[in-house]
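Structure first, then comments.
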Amino acid sequence: MKSLRNLLFYFNESLKRVKLVDRCLIIFMIILMTQSIYNLFFNESTLQNSNVIDIVVRTTSASIFGYFLSSNFLNRPSIKKSKYAKNNRILDETSVTYENKLEIDNLDNKDENEQSRNINEQQIVIATVIGVISLVVLLIARNMNIINTTTAATISQLRDFVAGSVGFLLGCPIKRGQS
């Protein structure tokens, strides 16, 4: 029991260090891998038109897996605290070096950077929610065999939402200091 608790604690602490965009891609990958495993063991040969969704599952899984193997995954810039912020001291103009001036300017832009970071995080969460809902609906439709010519337009739109969401997350720029 204690080792399980330690394992869960380690997993939780490790997950906290992962960027938001990477956590979102992990959620997508878990759903996609679950569907792939389900298809492997419970594939019904009578399912018509399921190939349209199966292709999305395979290509999206491969894209995310490629990202996980790339150097961008878990590549987070380090956060340096400035001497000014660390010591909480006020410097007069005569004692400010060029480097200290840059640090002070960075602190002045903190509010602006924080607002930009929040907007970026909101975009990531919105894209993830829309993409995951679209993916889950597609998988339910595929596994319940309700794909036909009347649902083709909706299926196509949901596929586009999944592809767009994952594409956005894969290419999402992460600014310095964002977790």
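The values are calculated or read from the model by the stated rules, or taken from the named source; none is laboratory data. Bear in mind the structure is a predicted one, so any value in this text is a computation, not a measurement. All Cβ positions, glycine included, derive from the backbone under ideal geometry; neighbour counts span all protein chains shown. Side chains included, ligands, DNA and RNA excluded: accessible areas come from the protein's heavy atoms. Shrake-Rupley method; radii C 1.70, N 1.55, O 1.52, S 1.80 Å.
Give me the number: length gained by fully extending LYS2 to PHE65, i.e. 0.36 nm times residue separation minus the C-alpha to C-alpha distance, one decimal in nm. If you can, show how the numbers build up before the last one.
On the way: separation 63, 0.36 × 63 = 22.68 nm, distance 3.25 nm.
Value of the extension gain: 19.4 nm.
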Under a plain spin-label model, where a point goes 7 Å from the Cα along Cα-to-Cβ, how far apart in nm are THR154 and PHE41? 3.0 nm
Using only protein heavy atoms and a 1.4 Å probe, report how much of MET33 is accessible, in Å² to the nearest 10. 90 Å²
